[in-house]
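S.K.: My questions all concern the structure below.
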Amino acid sequence: MAEKFDVIVVGAGPSGNSAAYTLAKAGLSVLQIERGESPGSKNVQGAILYSDALERMIPDFRDDAPLERHIIEQRMWVLDDESYIGSHYRSDAFNKEPYNRYTMIRSQFDKWFSERVKAAGALVICETTVSHLLLDGERVIGVMTDRQGGEIYADAVILADGVNSLLAKKAGFHPELQPKDVALAVKEIHFMPQELIEQRFNVKGTEGVVIEMVGKITKGMMGTGFLYTNSESVTIGVGCMLSDFKKQGTTPYALLEEMKAHPAIKPLIQGGEMKEYTAHLIPEGGYNAMPPIYGEGWMIVGDAGMFVNAVHREGSNLAMTTGMHAAETLIELKNEGKAFSAANLKRYQAKLDESFVMKDMKKYKNMPDVFHSNPQFFNDYPEMLSNAARTMLTVDGVDKKSKEREIRGTFRRRRSLFGLLGDTFKLWRAFE
Amino acid sequence: MHIVVCIKQVPDSAQIRVHPVTNTIMRQGVPAIVNPYDLYALEEALRLKDQYGGRVTVLTMGPPMAEAALRKAISYGADDAVLVTDRVFAGSDTLATSYALASAISQISKDMPVDLVFTGKQTIDGDTAQVGPGVAKRLDMQLLTYVSKVRSLDTENDEIVVERRSEGGVQVLKTSTPCLITVLEGNNEMRFATMANMFRASRYPVKIWNKDEAGIEDVTKTGLKGSPTVVSKVFAPTPRAVKAEIIQCESNEPGDLSVTLLAKMFNKHPKLEKEIAKRAV
Amino acid sequence: MSEETEAKKPAAGKRKLQLDESLLGYKGVWVFVEHERGAIHPVSLELLGEGRKLADMLGVELAGVVMGQPGDTTRSFCHEAFFHGADLCYLVEDPLLTDYRNEPYTKGLTDLVNKYQPEILLLGATTLGRDLAGSVATTLKTGLTADCTELNVDLEARSLLATRPTFGGSLLCTIQTLNYRPQMATVRPRVMAMPERDATRSGRIVEDKLGMVESSIITKVLEFIPDEMQDKPQLPFADIIVSGGRGMKKPENFKLIWDLANVLGAEVGATRPVVQAGWLDLERQVGQSGKTVRPKLYIAAGISGAIQHRVGMDASDVIIAINNDPNAPIFDFAHYGIVGNAMTILPALTEAFKAHLATARKAG
Ligand SMILES: Cc1cc2nc3c(=O)[nH]c(=O)nc-3n(C[C@H](O)[C@H](O)[C@H](O)COP(=O)(O)OP(=O)(O)OC[C@H]3O[C@@H](n4cnc5c(N)ncnc54)[C@H](O)[C@@H]3O)c2cc1C
Ligand SMILES: Cc1cc2nc3c(=O)[nH]c(=O)nc-3n(C[C@H](O)[C@H](O)[C@H](O)COP(=O)(O)OP(=O)(O)OC[C@H]3O[C@@H](n4cnc5c(N)ncnc54)[C@H](O)[C@@H]3O)c2cc1C
Ligand SMILES: Nc1ncnc2c1ncn2[C@@H]1O[C@H](COP(=O)(O)O)[C@@H](O)[C@H]1O
């Protein structure tokens, strides 16, 4: 006989775990289904954990969560072929507990989170793929898995199945994802002894460094590179829009290889041993590309709902917050004795509108378009900037004033002064 | 018919790294899996159960987290699961492990007599293939190692016929049950669990036994005390002093390779050239 | 030896090295001489070579243990043992020992050990050796170290230092059996070098009885199905091996490997993923969970050189690696490396060998 639950959560990433945890803690019967061998085994992330979202659900998470390093320094680099120009922001304020940002390794973090989900009372089943949703007319009444006797019923299904949510697409909740709305990111973890990391990045204890990179490394494509320090490894990766990869005909792997060979980056990972290579999509279409996020008996949370702030590289915190709000919505309705109908689930959307989630999504809604139609941000500027820096810093008998003139000249030659002004304005508008 | 399958949870050794400075094993983040060889034993047991009926109990000795391995076995269709876990077992070598497992199997058989004990060929961490023979001797059971196939089982007369891989071929052996069989890999493939068994596994109350519940009579035969072998040194293999000489060839033309590689190699290893010339056709 | 490795590390220091009075009588190094179908398994001869060294270090005799059906063949194995270094042989002849079975062999060997008390007992890590060693060690309640790659003795404690890979070969550990005798170890075929055969050597034969009747032996051999000799690759004893890995991409591409192997009169080997994909037979897997090989020449194409593969082949005299990734670990221990696409290099290499051998043969 088929089993029935209050809620089925599909996926055990941060969004699914947050939803399942919150629901189970409130006493609802929850089944969580994950296709990976264990929660986190399929998940890829840089990865930075922004603690506020997690803290709201699990205030004592720092006691036993597998955190790697807390970040005390953020570097922003603009690279051209052989040099980089950048800013470093390091502050002792980041060294005051409780820390706000950590590096983590998703496979371990997700597993830890899942243990908390189980302890809260949810039933977690792994190595099982939900193949489609069971529908009664418009209403979702359960899921079908790839196992024999795979149908399972529930009053509501939360889709936390990550970017490119096939389930919602199959059920016709939203159309195919557009290549211009997703970035393809590749990432490697290189093992490196702790002592070497401390020495190389000038950190001690659990202090860590994040480097964000733009410029020639993406070959004019819209994207960024990143390098994070973990306890005994370094994460390095790069991501660009899928549509750009298609246009350029490059592979992300080749891009990462070139990036690792860059003279500014190579010494940072030298002597490391590659432990893991993974590729993953990031939904970066922003607010304008968001699918509907609720309906009759279903809700979408996390990456599946395009909840990613590409500009600030935030994803997991939005995933957790949306997961939590979705769960809270169901808990409230259940307590009020109301059905999980689309009309009632609207409350989920309202909660998100109230929170930072929708506010941020709306704030940056024009960013993707700005970048798409203005490739110079990833192309010309990095080179111009670094040329400028080189000109200024090269001591060759030319006076600084002439140098400034020369730099202005090249800037103007490459992009008219009007264009420069326009770009600044566009960027400012988009950020605003 | 009652089959006990001994399984072990092991670190996925493909993912283990050695700390280059301290030379210790870095387990952090290394997933624990069911010893792959034990899955062949489990599947073979499940097939016999499908054919002859009865019960399959999985047994492991290990830390509390080894429960996950047992749960996995339940999801595949095992009926019952026993985890033997106690501080006294820490540091067990194969002799001490076989004592603990043998005691537990005796306890299990009080519930329902055990006809067959299955183990994997070997573990991927201990890699000794000794625990199976050890358990058999301690239980005074017939021992059949490297069994590739159970040909027939006569539950009436307590007889079993198996094919055993030996050095020069396959031995067909007949013996009486109860007996212990170590199952060779590659002759079956683990089934895909049903949804019902997945639910059963996640809810199943695995039996967790301490030393007394496992029927340990003599603690000095367990753990470090009961282990005649002692690891006196752990060290990293010395890396080869010189790395490969990379052959630079202008092209991959045979002529080029002849000059760049073969001439060079045979110059250094003249015996090798003769050896090859002698046998090659 | 997983959790145990770390747990036991400090213990070695604390545990007493002084042998109990009762164990002082255990003297001598023994090698179990394994034979099936009328021939000694080469691993036993390799072990006699190694045992000779240990016996000399300890200043004791090296003995072979030969068990089998009565007859000249069985007896001739004793002489073969002498030729390979043994001073004496314990010989148990009995019709019950015609085929290998655990029960009579365990009893026979256990009885010999109890009667003549060797301090070290070595066996090959074959299916027979592992079956027997595990049973004998448990019956005697002594320590057994499996799959050793190096044997040595601590003269002060007269203790066997058995070194073996652990954690899939990432580390090595040295294991001692303190205060239990005999100290037992198994060693894989081809790990130790084959000693020179010296047909002028001879030694004493000490005969003993098995003391069992067929009716007391529960397990019966119904049939023996020998492996077709031509079918079964003899990788461990091949002088030249051409191996392919996942980098060969498709099973069809293994033709390039076979072509080269044919020119060289070589055996074909493979990595585990290749075997698991069903491209080649399990018998051809080289490595930790496959065969240990020791050829004069090993050519590895499209193989990354993972530690589990490496431990099975890095005793090869000369290793040539073909890999398109200049950073592949295989280049860390190969002797010659060619960076490039195996699919184009293999045929070129085949042609190069062909041409070279043709001229070499003409000249020689
Ligand atoms: C390279 C990279 C770097 C990033 N860096 C950061 C960062 O530094 N900070 C940050 O906050 N965010 C970062 N992100 C974004 C962040 O990882 C995601 O936003 C976040 O993981 C979304 O969580 P989720 O739970 O919605 O989806 P996921 O984490 O993708 O989880 C979805 C889960 O559902 C499972 N699943 C999918 N389909 C099915 C099915 N049919 N049946 C069963 N299970 C299914 C999957 O196996 C998976 O476990 C990064 C992303 C990438 C790719
Ligand atoms: C418990 C355990 C036991 C194991 N036992 C064994 C064992 O006995 N034997 C064994 O082999 N493995 C064993 N393994 C597996 C081992 O860890 C490795 O996974 C395996 O050896 C890798 O095989 P590979 O080199 O063929 O494949 P990969 O690691 O995938 O390497 C393929 C290589 O081919 C190269 N390549 C790709 N394309 C080309 C091309 N066109 N031309 C040239 N080169 C190319 C790549 O650069 C790469 O280096 C074991 C693992 C475990 C966990
Ligand atoms: N701790 C353990 N618990 C249960 N079974 C074990 C344990 N250790 C070994 N075994 C079994 O014995 C077999 C041989 O193990 P090993 O001697 O370590 O190679 C394994 O395949 C398992 O079936």
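The values are calculated or read from the model by the stated rules, or taken from the named source; none is laboratory data. It should be emphasised that the depicted structure is a prediction, and the values quoted were computed from it without experimental measurement. Quick reminder, even Gly has a Cβ in these numbers, built from the backbone with ideal geometry, and neighbours come from all protein chains shown.
S.K.: Within the stretch C:302-347, which residues are more than 9 Å from ligand 2 (Cβ to nearest atom) and polar (S, T, N, Q)?
M.R.: C:Ser316
S.K.: Yes or no: the stretch B:79-95 includes at least one residue that is acidic (Asp, Glu), at pLDDT below 95 and crowded, with 21+ Cβ neighbours inside 10 Å.
M.R.: Scanning the stretch B:79-95 turns up at least one residue that is acidic (Asp, Glu), at pLDDT below 95 and crowded, with 21+ Cβ neighbours inside 10 Å.
S.K.: Of the conditions (1) surrounded by fewer than 22 Cβ atoms within 10 Å (Cβ to Cβ); (2) of a type in the set (Asp, Glu); (3) within 9 Å of another protein chain (Cβ to nearest Cβ), B:Asp111 clears all except one; give me its number.
M.R.: That leaves (3) as the condition not met.
S.K.: Okay, next question. Kindly check whether there is at least one residue in the stretch C:186-197 that is more than 13 Å from chain B (Cβ to nearest Cβ) and at positive phi.
M.R.: Yes, there is a match, as at least one residue in the stretch C:186-197 is more than 13 Å from chain B (Cβ to nearest Cβ) and at positive phi.
S.K.: Considering only the stretch A:23-34, I want to know if a residue exists there that is in contact (Cβ under 8 Å) with a residue 60 or more places away in the chain, over 29 Å from A:Ala185 (Cα atoms), part of a strand (DSSP E or B) and touching a strand residue (DSSP E or B) at 6+ places or on another chain (Cβ under 9 Å).
M.R.: yes
S.K.: When you scan the stretch A:46-54, do you find a residue that is more than 16 Å from ligand 3 (Cβ to nearest atom), of a type in the set (S, T, N, Q) and outside any loop (DSSP other than H, G, I, E, B), even just one?
M.R.: yes
S.K.: Right, another one. From the list C:Leu235, C:Leu282, pick out the single residue that is within 25 Å of the chain's Cα centre (by Cα) and either away from every other protein chain (no Cβ under 13 Å) or more than 16 Å from ligand 2 (Cβ to nearest atom) (or both).
M.R.: Criteria check complete, one pass: C:Leu235.
S.K.: Can you find, within the stretch A:288-319, the residue that is nearest to the chain's Cα centre (by Cα) among those that are more than 8 Å from ligand 1 (Cβ to nearest atom) and more than 20 Å from A:Gln178 (Cα to Cα)?
M.R.: Looking at residues that are more than 8 Å from ligand 1 (Cβ to nearest atom) and more than 20 Å from A:Gln178 (Cα to Cα), I get A:His312.
S.K.: Could you please find all residues in the stretch B:171-198 being buried (at least 18 other Cβ atoms within 10 Å of the Cβ) and among the hydrophobic types (A, V, I, L, M, F, W, C)?
M.R.: B:Leu173, B:Cys179, B:Leu180, B:Ile181, B:Val183, B:Leu184, B:Ala193, B:Met195, B:Met198
S.K.: Looking only at strands (runs of 3 or more DSSP E) that lie completely in the stretch B:168-269, which have at least 3 residues being more than 11 Å from chain C (Cβ to nearest Cβ)?
M.R.: Because the criterion is at least 3 residues that are more than 11 Å from chain C (Cβ to nearest Cβ), the strands (runs of 3 or more DSSP E) in the stretch B:168-269 that meet it are B:207-209.
S.K.: While we're here: Return the pairs, sorted by first residue and then second, in which the second residue is assigned to a helix (DSSP H, G or I) and among the basic types (Lys, Arg), the first residue lies in the stretch B:44-57 and is surrounded by 17 or more Cβ atoms within 10 Å (Cβ to Cβ), the beta carbons are less than 6 Å apart, and the residues are 6+ apart or on different chains.
M.R.: Listed pairs, sorted by first residue: B:Val56/B:Lys49.
S.K.: Here's something else I'd like to know. Of the residues in the stretch C:155-166, how many are without any contact (Cβ under 8 Å) to a residue 60 or more places away in the chain and more than 16 Å from ligand 3 (Cβ to nearest atom)?
M.R.: Residues that pass the stated criteria total 2.
S.K.: Working only within the stretch C:323-337, note down all residues that are within 21 Å of A:Met274 (Cβ to Cβ) and either among the hydroxyl-bearing types (Ser, Thr, Tyr) or touching a strand residue (DSSP E or B) at 6+ places or on another chain (Cβ under 6 Å) (or both). Give the derivation first.
M.R.: Just the residues of the stretch C:323-337 that are within 21 Å of A:Met274 (Cβ to Cβ), to begin with: C:323-334, C:337.
Within the stretch C:323-337, C:Pro326, C:Ile330, C:Phe331, C:Ala334, C:Gly337 qualify.
S.K.: Then there is this: Please give the number of the condition A:Gln199 fails out of (1) surrounded by fewer than 21 Cβ atoms within 10 Å (Cβ to Cβ); (2) in contact with a Pro (Cβ under 9 Å, 6 or more places away or on another chain); (3) not small (Gly, Ala, Ser).
M.R.: Status for A:Gln199: all satisfied but (2).
S.K.: So, A:Leu227, is that one in a loop (DSSP other than H, G, I, E, B) and within 19 Å of A:Ala279 (Cα to Cα) or not?
M.R.: No, not satisfied.
S.K.: Let me ask something additional. Any residue that is out of contact with any helix residue (DSSP H, G or I) (no Cβ under 8 Å at 6 or more places or on another chain), under 14 Å from A:Val186 (Cβ atoms) and not assigned by TED's automatic domain parsing to the domain that holds A:Arg313 - is there at least one of those in the stretch A:261-269?
M.R.: For the stretch A:261-269, residues out of contact with any helix residue (DSSP H, G or I) (no Cβ under 8 Å at 6 or more places or on another chain), under 14 Å from A:Val186 (Cβ atoms) and not assigned by TED's automatic domain parsing to the domain that holds A:Arg313: absent.
S.K.: At least 1 residues that are more than 12 Å from chain B (Cβ to nearest Cβ) in each: list the helices (runs of 4 or more DSSP H) lying fully within the stretch C:28-145 that qualify.
M.R.: C:42-58, C:72-83, C:102-116
S.K.: I need the full set of residues from the stretch B:101-116 which are touching a helix residue (DSSP H, G or I) at 6+ places or on another chain (Cβ under 6 Å) and either within 10 Å of ligand 3 (Cβ to nearest atom) or without any contact (Cβ under 8 Å) to a residue 24 or more places away in the chain (or both), in order please.
M.R.: Residue satisfying the conditions is B:Leu101 alone.
S.K.: Could you tell me how many of the residues in the stretch C:76-94 are without any contact (Cβ under 8 Å) to a residue 12 or more places away in the chain and among the hydrophobic types (A, V, I, L, M, F, W, C)?
M.R.: Residues that pass the stated criteria total 0.
S.K.: Do the conditions hold for C:Lys250, that is, is it more than 12 Å from ligand 2 (Cβ to nearest atom), without any contact (Cβ under 8 Å) to a residue 24 or more places away in the chain and either among the polar types (S, T, N, Q) or more than 13 Å from chain B (Cβ to nearest Cβ) (or both)?
M.R.: The answer is no for C:Lys250.
S.K.: Across the stretch A:205-233, what is the total count of residues that are within 14 Å of another protein chain (Cβ to nearest Cβ) and within 18 Å of the chain's Cα centre (by Cα)?
M.R.: Summing the residues that are within 14 Å of another protein chain (Cβ to nearest Cβ) and within 18 Å of the chain's Cα centre (by Cα) in the stretch A:205-233 gives 1.
S.K.: When the stretch A:244-266 is examined, which residues are found to be of a type in the set (Asp, Glu) and either touching a residue at least 40 places away in the same chain (Cβ under 8 Å) or within 16 Å of ligand 2 (Cβ to nearest atom) (or both)?
M.R.: Correct list: A:Glu257, A:Glu258.
S.K.: Would you tally the residues in the stretch A:294-333 being in contact with an Asp or Glu (Cβ under 7 Å, 6 or more places away or on another chain), part of a helix (DSSP H, G or I) and closer than 18 Å to A:Ile141 by Cβ?
M.R.: 0
S.K.: While we're looking at this one, here's another question. Quick one: B:Ile216 ticks every box in (1) at pLDDT 90 or above; (2) over 24 Å from B:Lys121 (Cβ atoms); (3) surrounded by fewer than 21 Cβ atoms within 10 Å (Cβ to Cβ) bar one, so which box is it?
M.R.: The one condition B:Ile216 does not meet is (3).
S.K.: Before we move on, is A:Gly86 more than 16 Å from ligand 2 (Cβ to nearest atom) and within 14 Å of chain B (Cβ to nearest Cβ)?
M.R.: No; evaluated as a whole, the condition is false for this residue.
S.K.: Let me confirm something: among A:Ile236, A:Ile269, A:Ile211, A:Ile197, which residue is free of Cβ contacts under 8 Å to residues at least 40 places away in the same chain and under 19 Å from A:Ile48 (Cβ atoms)?
M.R.: Values: A:Ile236 fails: free of Cβ contacts under 8 Å to residues at least 40 places away in the same chain; A:Ile269 fails: free of Cβ contacts under 8 Å to residues at least 40 places away in the same chain; A:Ile211 fails: free of Cβ contacts under 8 Å to residues at least 40 places away in the same chain.
Exactly one of A:Ile236, A:Ile269, A:Ile211, A:Ile197 is free of Cβ contacts under 8 Å to residues at least 40 places away in the same chain and under 19 Å from A:Ile48 (Cβ atoms), namely A:Ile197.
S.K.: I've got another one for you. Give A:Ala185, A:Ala171, A:Ala154 a once-over and let me know the one that is out of contact with any helix residue (DSSP H, G or I) (no Cβ under 6 Å at 6 or more places or on another chain), closer than 30 Å to A:Gly271 by Cβ and of a type in the set (Gly, Ala, Ser).
M.R.: After applying the criteria, what remains is A:Ala185.
S.K.: Only one of B:Thr123, B:Thr85 is farther than 21 Å from B:Arg47 by Cβ, of a type outside the set (Gly, Ala, Ser), more than 7 Å from chain C (Cβ to nearest Cβ) and within 16 Å of ligand 2 (Cβ to nearest atom); which?
M.R.: Only one candidate passes the filter, namely B:Thr123.
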